[in-house]
Amino acid sequence: MVGTNTEETRLFLLSDGAIDRITEEAVSAIAGAYGLPVEGLSAYRAAHPGASAGELFSAIQTDWYWRIPAVRLADAHAATARASTYMSSSPGARRSSGAASGLLMAWRSLSSSIRWASEPSRYSGETRRDRSRT
């Protein structure tokens, strides 16, 4: 299982407000640095209508650093592995911190206590859930 979230970079650009200071020139510069042709940048604009320069920058950087490597890893695994390959992409929540793996890791950490609570206690035959009912 390999995957990314659609707005991985967004969280990093929100922390200090950088997403609002990114200019169209910066978007063009990052597109050029990544070898994205003008048509590719136009495709991003079409896929994100009404997006600010910062949101476009985030989308491009998310694909460059997270989505494309994840797709390449899944492709390589599917071509050589004896096990199945699964790919996922979680959509973001527009106008918020987006869907970043760092946020999901914190949620998973908190939610893991729910799974842990139903595991057998190391010290007796009862489960932690059983003890919590008493």
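The numbers here are math on the coordinates, done by the rules we state, and not lab data. Worth saying up front: this structure is predicted, and the values here are computed from it rather than measured. For neighbour counting, all protein chains shown are included, and Cβ atoms are generated from backbone atoms with ideal geometry for every residue, glycine included.
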Calculate the FRET efficiency for Ala26 and Ala46 from the Cβ-Cβ distance with a Förster distance of 30 Å, rounded to the nearest 0.05. 0.95
From a point 7 Å beyond the Cα of Ser84 in the direction of its Cβ, which residues of segment 1-38 have a backbone N at a distance under 16 Å? 1-3
For segment 42-86, state which trypsin sites (Lys or Arg not before Pro) are in a DSSP loop and have at most 15 other beta carbons lying within 10 Å of their beta carbon. Arg82
Pair-distance profile P(r), taking every C-alpha pair of segment 1-72, with 5 angstrom steps and integer %: 3, 17, 27, 28, 17, 7, 1, 0
